[in-house]
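Taken together, the values in this text are just the output of simple stated rules run on the coordinates, not laboratory data. Bear in mind the structure is a predicted one, so any value in this text is a computation, not a measurement. A quick note on method: Cβ atoms are made from the backbone with ideal geometry, for glycine too, and the neighbour counts reach across all protein chains shown.
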Amino acid sequence: NGRRRSCAGSSFLGRPVPEGSIGVLSRNGDIVAVPPGRYVLGLRTEWRGTHSLTFTEPIQEGNLTIVRVPQGQLGLATLAGDPLILAAGLHVYNNILFSFGKLVSVNSAHVQHSTLHVLRVRQGEYAKVWALGPSEAVEPRLLTEGCYVVDSSFFSLEDRCLVSDT
């Protein structure tokens, strides 16, 4: 809070926030999350609700977005229009320009999110792709076994083929 006084004080009276939950408050347009306890609200402070930390759907209150990405998943989101890929864990953004899209499996063969691509090429196969070459022209390429992360609007996956087919 810096030099500003807190918008809620801990007290034996007031609104309860149970263990395993967070309380969400709004004061002068700012969204604040508070841990378990009891809180007496200050002037110009609005109680926005209580949320369990075992949530599966994103929590969104004003500018605040809280997303839990489970193990084995990736979260696709944007911040100010730029694509983000969120790893497993808890992600908190207090920014109106953040937008959560969806969850995808971390084992997906190809994840495309705007210009971001995560491509897995399994053992015994090639991926046929189009990508910018050294001459800044879009060229066909064969990608061998591995995991590739590409940020390019010129990248595209055309097909896959078995190594034994070539």
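Annotations for the structure displayed:
- Calculated translational diffusion coefficient of the range 31-137 (10 °C, 1.306 mPa s; Stokes-Einstein with Kirkwood radius over alpha-carbon pairs) equals 94 µm²/s.
- Amide H partners (placed H, <5 Å) of F154, local residues excluded: none
- A simple packing score, the average count of other Cβ atoms within 10 Å per residue, orders the peptides 48-58, 120-130 as 120-130, 48-58, with the highest score first.
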